[in-house]
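This report refers to the structure that appears directly beneath it.
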């Protein structure tokens, strides 16, 4: 399991990156993150929604009510222009952290 | 006999009591809950344990309410900063316009100087506050 703090910090970049593949809704976002991390990255399901609402208030994403194939109401989220910019920044920062960490780890094996 | 609809209605009531608002975000959370129950039932559970697991996964009503409140508060704060900025620009303009009129009619008389002297800094302050508020929204 990944630590709580890291799960919280990675929520925004993960949501932005998932939405850059097309619009989605809360339940599907959670399932996809679970599947892609082999179940190791898990949110308390409900906690995703305040994060989504905060991102919407900040103008990073937008939402619309739609319907599922079975007629159930769903709130779909999609990326806005500012969201794309924020995603690029996140990628840059996470790549930097990753490369520093990987470099240090390599030195330990030399 | 377990009644799923009644159990969901009870869960809704708990959420409302904790202060989660309807229709948004309660509808969204309920849709999530129903979808999770459906998935659990498809994977072989009966309705009652499926509901219990799904309710646990969604999280405690009080904890969710706290998080929603946090995001509402930041939004309100930023909106207030923007409104204060716009108000500042309007007040500044209300001082500048008569001063400009006076300047055109009578030249740089005392009242025109006072109008410009207050109007320009207030407009600038208002504009930069508005700008700050907008940028803070994205931060």
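Since every read-out is calculated from the coordinates, none of them should be taken as a lab result. None of these values were measured; they are calculated from a predicted model. Cβ sites come from the backbone with ideal geometry, for glycine too, and all protein chains shown count toward neighbours.
Any idea what angle helix B:4-18 forms with the longest principal axis of chain B, computed on alpha-carbon atoms, 0 to 90 degrees, nearest 10? Result, in degrees: 30.
Relative to the longest principal axis of the Cα atoms of chain B, the long axis of helix B:61-106 lies at roughly 20 degrees.
Taking segment B:9-35 and a reference point 7 angstrom along Cα→Cβ of residue A:31, the backbone N atoms nearer than 15 Å belong to B:31-35. For the residues of B:70-78, the average number of beta carbons from a partner chain within 10 Å of their own beta carbon is 3.
In what order do A:45, A:82, B:3 fall by count of nearby beta-carbon atoms within 10 Å, going from fewest to most? Can you show the working numbers first?
On the way: A:45 23, A:82 15, B:3 11.
Ascending number of Cβ neighbours within 10 Å: B:3, A:82, A:45.
The modelled label-to-label distance for the pair residue B:101/residue A:65, using points 7 Å beyond Cα in the direction of Cβ, is 4.8 nm.
In this rough spin-label picture, where each label sits 7 Å from Cα along the Cβ direction, the residue B:118-residue B:63 distance is 5.4 nm. Across peptide A:56-66, the mean count of Cβ atoms from other chains lying within 10 Å of each residue's own Cβ comes to 3. Principal-axis analysis of the Cα atoms of chain A puts helix A:81-109 at an angle of about 30° to the longest axis.
When the Cα gyration tensor is reduced to axis lengths a ≥ b ≥ c, the ratio a/c is 1.5 or higher for segment B:67-139, and with a/b above b/c it is classed as prolate. Residue by residue along B:30-39, Cβ atoms of other protein chains within 10 Å of the local Cβ number 4 on average.
Oblate is the label for segment A:1-98. Its Cα gyration tensor axes, ordered a ≥ b ≥ c, give a/c of at least 1.5 and b/c at or above a/b. Take every Cα pair under 8 Å whose residues are at least 6 apart in sequence, average their separation, divide by the length of segment B:13-86, and the relative contact order is 37 percent. Taking a ≥ b ≥ c as the square roots of the eigenvalues of the alpha carbon gyration tensor, chain B is prolate, as a/c is not under 1.5 and a/b beats b/c. Normalised by the number of residues in segment A:23-110, the mean separation of alpha-carbon contacts (under 8 Å, six or more apart) gives a relative contact order of 25 percent.
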